[in-house]
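**Q** First, the structure itself, so that you have it in front of you.
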Amino acid sequence: MDQMKVFSGSANRPLAEAIARHIDKPLGDAPPTRFPDGESFIKINEDIRGQDVFIIQPTCRPQNDTLMELLLFIDAAHRASAERITAVIPYYGYARQDRKDEGRVPISAKLVANMLEEAGADRVLCVHLHAYQIQGFFDIPVDHLLPEPVFGEHYAGLGLADLTVVSPDVGNVKEARVYSELLHGELAIIDKERLSGTDVRAGALIGTVEGRNVLLVDDMISSGGTICKAASLLKDRGARDIYVAATHPMFVAGAIARLAEAPITGITVTDTVPLSDEAAASGLVKVLSMAELLGDAIVRIHKHESISELFLKKLRRPEELMRQN
């Protein structure tokens, strides 16, 4: 552990500090600053030659600024002769632009991967990618963490009876199935069609929710359109209490007001990105921390240990809670 250094960008300092506390390792001295004209500037104020360096920085709002800051951080560490550089990206911005679904558009998720590698990253640690295939955009190792142990323990502790886990679209079925098995619930799927960046159509429901508690699981909430339409459909089909678990709270303007009007009992998110003031004041959103999971993953990467074994270990806790309930 003496050969490991952990640094934080400016995007989510509280998460980085929580990770540092968990692994009992102080954050390195490299406060990001700006020139008067707005350009980002990084200076690492300690020796990192031959060190295993971890840089914690979600590329959340403002995405272009936080991404550029991360690239500069990686470049600074590379030029300071770090032995290995791991970009710890709790939220991977531009992940939704992962393919060409129409003519004359970029594949931005791939471009970001190229830039991270070119800057000097040796590996990436990220949380709940919007599209799992983004791992294949890299030619360096990518460790992909999922929030299943965190959400699983929380909802197992609630002891919800007659539970159905619902995927709000067909692309999230695999994730929903994991939760249904973990929480010993049933599985249902909504056929969703995205009409625009803010508007969606929730169509057919595959499965039954009548008279049952529901847990809707997704990777993020942005406008809230998908979740609101899904919750309304589920309520119309006879669902009882509807809970939402979404990893990244990317709430845009109007999202909280929209969600407050939906038939939702509660929304649970993680701290991969900072929660907006509006969301925090609403009382509708509960934040669970990924610090322990990310910290344990960082230590395992440093020690060349298995990340998969970490997940198996963490997933046992929700199963124990379910048996107790």
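**Q** In the chain, what % of DSSP beta bridges are antiparallel (nearest 5)?
**A** 15 percent
**Q** While we're looking at this one, here's another question. Report the net charge of residues surrounding residue 24, where surrounding means a beta-carbon distance below 13 angstrom and charges are Lys +1, Arg +1, Asp -1, Glu -1.
**A** -2
**Q** What FRET efficiency do you get for residue 324 and residue 21 if R0 is 22 Å and r is their Cβ-Cβ distance, rounded to the nearest 0.05?
**A** 0.20
**Q** What residues from the stretch 47-78 fall in the zone where the backbone N is under 19 Å from a label point 7 Å along the Cα-to-C-beta line of residue 39?
**A** Only 64-78 pass the distance filter.
**Q** Moving on. Can you tell me the orientation of helix 173-182 relative to the chain, as the angle in degrees between its alpha-carbon axis and the longest Cα principal axis, to the nearest 10?
**A** Helix 173-182 sits roughly 80 degrees off the main axis of the chain.
**Q** Related question: Could you line up 43, 25, 235, 5 from fewest to most neighbouring Cβ atoms inside 10 Å?
**A** 43, 235, 25, 5
**Q** Classify the stretch 212-325 from the C-alpha gyration tensor, please: rounded if a/c falls under 1.5, else prolate or oblate depending on whether a/b exceeds b/c.
**A** Taking the square roots of the gyration eigenvalues as a ≥ b ≥ c, the stretch 212-325 is oblate.
**Q** Using only Cα atoms, find the angle between the long axis of helix 148-158 and the longest principal axis of the chain, and express it within 0 to 90 degrees, rounded to the nearest 10.
**A** Helix 148-158 sits roughly 40 degrees off the main axis of the chain.
**Q** With angles folded into 0 to 90 degrees, how steeply does helix 63-79 sit against the dominant principal axis of the chain? Use alpha carbons for both and round to 10.
**A** 40 degrees
**Q** Could you quote the convex hull projected area for the stretch 42-120, Cα atoms only and averaged over all directions, in nm²?
**A** 5.4 nm²
**Q** Placing one identical point scatterer on every Cα of the stretch 148-288 and ignoring solvent, what is log10 I(q)/I(0) from the Debye formula at q = 0.11, 0.22 Å⁻¹?
**A** -0.34, -1.51
**Q** Determine the relative contact order of the stretch 210-269: mean sequence separation of Cα pairs under 8 Å and six or more apart, normalised by residue count, in whole percent.
**A** Normalised by residue count, the contact order of the stretch 210-269 is 45 percent.
**Q** Please work out the Cα center distance from the stretch 54-118 to the stretch 222-246, rounded to the nearest Å.
**A** 32 Å
**Q** Student exercise: in the stretch 1-159, how many lysine pairs 8 or more apart or on different chains have Cα atoms under 27 Å apart?
**A** Values: 5/25; 5/43; 25/43; 100/110.
Within the stretch 1-159, the lysine pair count is 4.
**Q** So for the chain, what are the equivalent ellipsoid semi-axes in whole Å, largest first, each being the square root of 5 times an eigenvalue of the Cα gyration tensor?
**A** Working through the eigenvalues yields semi-axes of 35, 22, 18 Å.
FYI, it's all coordinate maths here, none of it is from the lab. As the structure is a computational prediction, the values presented were derived from the model and not from experiment. All Cβ positions, glycine included, derive from the backbone under ideal geometry; neighbour counts span all protein chains shown.
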